[in-house]
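Just so it is clear, none of the values below were taken in a lab; they were calculated from the coordinates. Please read all numbers here as calculations on a predicted model, not as lab measurements. Quick reminder, even Gly has a Cβ in these numbers, built from the backbone with ideal geometry, and neighbours come from all protein chains shown.
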């Protein structure tokens, strides 16, 4: 296997491990799922029982028009703040954090810290 295939395999193992832990004990809780790329950051709160997305936000919304770079830590922290405020306005306080196989470092950590500071509990 070359380096790219090994990297993808590690990512898939992490993703499955995270999903297994989330699905095992917290079926009744809402899930905060993130996705990221080099250019953007996306987050949504999902009700897995009903299969509906309750709150969603991304760095490509109107709130981020003034930001030149949408894929850095500052943008991720701003997105965490916006998503937490939207969730609190809909009386969503407690969620399970699904980091979707990404390492808890950099943009993911900045997003999670900002969401916790503004009212979400996970």
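Some values worked out for this structure:
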| item | result |
| --- | --- |
| For 116, 99, 39, order by how many other beta-carbon atoms lie within 10 Å, fewest first | 39, 116, 99 |
| Least to most buried among 121, 85 (fewest other Cβ within 10 Å first) | 121, 85 |
| Bridge type composition, the chain - antiparallel percent by DSSP, nearest 5 | 70 |
| Global geometry of the stretch 60-117, whether rounded, prolate or oblate, following the gyration tensor of its Cα atoms and the 1.5 cut on a/c | oblate |
| Highest-fluctuation residue, 83, 30, 54 considered, GNM on the chain with Cα pairs under 10 Å | 54 |
| Descending semi-axes in Å of the stretch 34-81, equivalent ellipsoid built from Cα gyration tensor | 23, 10, 8 |
| Length-normalised contact order for the stretch 3-117 - Cα pairs under 8 Å, 6+ apart - percent | 30 |
